[in-house]
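First comes the structure, then the notes that go with it.
The values are calculated or read from the model by the stated rules, or taken from the named source; none is laboratory data. Bear in mind that the values here come from a model prediction, so they are computed numbers and not experimental data. A quick note on method: Cβ atoms are made from the backbone with ideal geometry, for glycine too, and the neighbour counts reach across all protein chains shown.
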Amino acid sequence: MTRSSPAKAVAAVEKLASQGAIAIDGGYGSSNIGPASDAANKARPRLCHVGRRRRGADATRLQDFFRINNTAGYSKAMLGLLADMGAKNVSIVYLTKEATSDLAKDVEKALTAKGVKVTMHPFDPAITDFKPIINKIKLQDKPDVIAMSGYENDYVGILRAAKVLKPDVKAMVGVWSLATSKMQDDFPDLMGNVYGTALLPFPAEFARPTARTSQKPTKALRPRARLPRPIRLRPVATAVRCASCARTTRARSSRGNRRGDAQDQQGHADRPRPVRRQGRQSYFSHRMGQHQGKQVVVVWPKENANGKMAFPGVPW
């Protein structure tokens, strides 16, 4: 279930439910998943997904909604990387949407508790010029690291402004949709030494036997692709979601959804839990990659790294 707008996501759920679907897997991004999960809650197929979902009491009413990750898993990755860098002063530039704000505030809270100085810089989705924010960071904050919580266009704007003003920082760190081959192909002048969440190194490396097995059908479906779709593809995660949906559908309850976790070639994933049980993903944590030349190198956590951080390092 992948649609480009909330209305299309809802229509897709309703159509599949009317055709007798007992489980629906997919979806990415809170803006689509929120309405889709509400529609599924009414239609009553199981809904399993890989994106994020709003927090709080409003989510607990969902009866048959499962998720495999959460914002905390991205926060863990950024915090782990910043700890390895020894950052003592961090400026966080973040988009004022729900998911990006949640992550920025989680990181701020955790860093502040550790004695790290944190300065927050929210920005509106309509912003086109990041130079005033970057100039303020350069002249007033004087941080070790600039952390970014946004999406592709936001990163491009922030990095372009930083490349012009050249703040004296040791690293530029972001999260989703940043450490990807597409960003390297489209903006090679901006990506050098930049960090972001990365499910796979690029070019792709498959060390585990299960990973090599899952690579074969992917190449058969997309023979010209240089690597699997890193942001969307989580074979083991999808498998455990489907298994849980199959077990629980028979009883129309969630008793069969056992606790535990699973490893795939792209990271550490939870077995999915129904959101009405708060949907806590205690195991999920992303990986952090760094653009190094024409490669994305996984640099955190150390046990999954295939290279070393180029630190300090920025695109200018």
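Would you tally the residues in segment 163-204 being of a type in the set (G, A, S), outside any loop (DSSP other than H, G, I, E, B) and surrounded by 24 or more Cβ atoms within 10 Å (Cβ to Cβ)? Spell out the reasoning first.
Just the residues of segment 163-204 that are of a type in the set (G, A, S), to begin with: 171, 174, 177, 179, 181, 192, 196, 198, 204.
Next, from what is left, pick out any that are outside any loop (DSSP other than H, G, I, E, B): 171, 181, 196.
Within this subset, residues satisfying the condition of being surrounded by 24 or more Cβ atoms within 10 Å (Cβ to Cβ) are 171, 196.
Of the residues in segment 163-204, 2 are of a type in the set (G, A, S), outside any loop (DSSP other than H, G, I, E, B) and surrounded by 24 or more Cβ atoms within 10 Å (Cβ to Cβ).
A quick yes/no check of all residues on (1) touching a strand residue (DSSP E or B) at 6+ places or on another chain (Cβ under 6 Å); (2) surrounded by 19 or more Cβ atoms within 10 Å (Cβ to Cβ); (3) basic (K, R); (4) modelled with pLDDT of 65 or more:
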site	(1), (2), (3), (4)
A7	no, no, no, yes
A11	no, no, no, yes
K15	no, no, yes, yes
G34	no, yes, no, yes
A40	yes, yes, no, yes
A43	no, no, no, yes
V50	no, yes, no, no
S75	no, yes, no, yes
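Among (1) farther than 20 Å from Q295 by Cβ; (2) of a type in the set (A, V, I, L, M); (3) at pLDDT below 95, which single condition is A211 missing?
(1)
Taking segment 93-122 only, how many residues are more than 17 Å from the chain's Cα centre (by Cα) and either under 20 Å from N70 (Cβ atoms) or part of a helix (DSSP H, G or I) (or both)? Full working, then the answer.
As a first pass, look at segment 93-122 and keep what is more than 17 Å from the chain's Cα centre (by Cα): 108-122.
Cutting the leftovers down to either under 20 Å from N70 (Cβ atoms) or part of a helix (DSSP H, G or I) (or both) gives us 108-113.
Looking only at that region, the number is 6.
Could we say that I127 is at pLDDT 95 or above, among the aliphatic types (A, V, I, L, M) and under 17 Å from M78 (Cβ atoms) here? Write out each step before concluding.
On the way: at pLDDT 95 or above: yes; among the aliphatic types (A, V, I, L, M): yes; under 17 Å from M78 (Cβ atoms): no.
Against the criterion (at pLDDT 95 or above, among the aliphatic types (A, V, I, L, M) and under 17 Å from M78 (Cβ atoms)), I127 does not qualify.
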